1. Which numbered condition in (1) open to solvent by 30 Å² or more (accessible area, probe 1.4 Å); (2) closer than 30 Å to ILE20 by Cβ; (3) within 22 Å of the chain's Cα centre (by Cα); (4) modelled with pLDDT of 90 or more is the only one that LYS268 fails?
2. Please tell me if GLU220 is open to solvent by 70 Å² or more (accessible area, probe 1.4 Å) and at pLDDT below 95.
3. What pairs come up if the first residue lies in the stretch 38-55 and is under 14 Å from SER233 (Cα atoms) and in a helix (DSSP H, G or I), the second is open to solvent by 20 Å² or more (accessible area, probe 1.4 Å) and basic (Lys, Arg), and their beta carbons are under 9 Å apart, counting only those six or more places apart or on different chains?
4. May I ask you to say which residue of VAL183, VAL128, VAL140 is in contact with a strand residue (DSSP E or B) (Cβ under 6 Å, 6 or more places away or on another chain) and aliphatic (A, V, I, L, M)?
5. Just to be sure before I move on: is GLY122 under 24 Å from PHE237 (Cβ atoms) and surrounded by fewer than 17 Cβ atoms within 10 Å (Cβ to Cβ) in the structure I sent?
6. Restricting to the stretch 155-188, what's the tally of residues that are basic (Lys, Arg) and surrounded by 18 or more Cβ atoms within 10 Å (Cβ to Cβ)?
7. Out of all the residues in the stretch 27-60, which are open to solvent by 40 Å² or more (accessible area, probe 1.4 Å), farther than 19 Å from ALA86 by Cα and of a type in the set (A, V, I, L, M)?
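The values are calculated or read from the model by the stated rules, or taken from the named source; none is laboratory data. In this text the structure is predicted, and so the values were computed from the model without any measurement. So basically every Cβ, Gly included, is an ideal-geometry build from the backbone, and we count neighbours across all protein chains shown. The protein model used for the area step is the full one, side chains on, heavy atoms only, and it has no ligands, DNA or RNA in it. Shrake-Rupley method; radii C 1.70, N 1.55, O 1.52, S 1.80 Å.
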Amino acid sequence: MASLKDLRNRIASVKATQKITKAMQMVAAAKLRRAQEAAEAARPYSERMASVLANLASGLEGNDNASPLLAGTGKEDVHLLVVATAERGLCGGFNSNISRLARDHTQQLLSEGKTVKILCVGKKGFDVLKRSYASLIIDVVDLREVKQVGFNDANAIGQRVLKMFEDGEFDVCTLFFSRFQSVISQVPTALPLIPAKVEQEEDAEPLDLQGAVYDYEPEEQEILDTLLPRNVSVQIFRGLLENAASEQGARMSAMDNATRNAGDMIDKLTLSYNRQRQAQITKELIEIISGAEAL
């Protein structure tokens, strides 16, 4: 049985931990609002770009000269998985859920005889995936020095992916991130980047052409040659923004649970401390009374 001093030290330690988790919860709550606004502001832009690409691509169906970014290379032998996670932990199952989705996708591709390459964006995803697929990881993009993700950060990753595609290093590219829904709900998502996914989002507002017929200048092919490479960076940027909001939401929820658990532990330890102290006082009184009666 722990002594009274040990119980006092443990209660003090748990209280100090509770202060830290409470502070982290408040910081995450402050960062969440800004990250959520940024993620929600990026959604209409990426959805509208997807609808424009879908409209342009519909006019090029069956065209042998269609861009490989849209039509693909004609084979699916080599897959590049861009796994975007956080640089820090203490955010519940946020990182592990994304890594699990990427790991399951990797296992499925390997079972089909495909070649898989993994590009990790964020340290935590690398820490999880290297345990099973260290040989498949080609590099890790470090964003620890980036306080707020900007388009330039996403564009650098997008340009690297495009360079690898032009060099013939892969046939299919998929982005893994967590879509933010609420503080307690973040959905791990696998988004095809190359070939581009040109289907419109289910919740996106349809374009009302009002019977008009559009004539593109320059031609649809030239517009797609410009938009498709940019679309890769735009979708990566959206994924990073969704991740930033999801990370803060998951951390806020995790730290709230940790603070509550610390409070429950303090109550139990305090109860044990009071019981043991009362028992010790009672024992000392009995010894005093017994000694007095012996005299």
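1. Of everything listed in (1) open to solvent by 30 Å² or more (accessible area, probe 1.4 Å); (2) closer than 30 Å to ILE20 by Cβ; (3) within 22 Å of the chain's Cα centre (by Cα); (4) modelled with pLDDT of 90 or more, LYS268 misses just condition (3).
2. Numbers: open to solvent by 70 Å² or more (accessible area, probe 1.4 Å): no; at pLDDT below 95: yes.
So GLU220 does not fit the description; no.
3. MET49/ARG230; ALA50/LYS197
4. Details: VAL183 fails: in contact with a strand residue (DSSP E or B) (Cβ under 6 Å, 6 or more places away or on another chain); VAL128 fails: in contact with a strand residue (DSSP E or B) (Cβ under 6 Å, 6 or more places away or on another chain).
Checking each option against the conditions leaves just VAL140.
5. Numbers: under 24 Å from PHE237 (Cβ atoms): yes; surrounded by fewer than 17 Cβ atoms within 10 Å (Cβ to Cβ): no.
The answer is no for GLY122.
6. So in the stretch 155-188, the residues basic (Lys, Arg) come out as 160, 163, 179.
If we keep only those that are surrounded by 18 or more Cβ atoms within 10 Å (Cβ to Cβ) too, we end up with 179.
Final tally of qualifying residues: 1.
7. ALA41, VAL52, listed by residue number.
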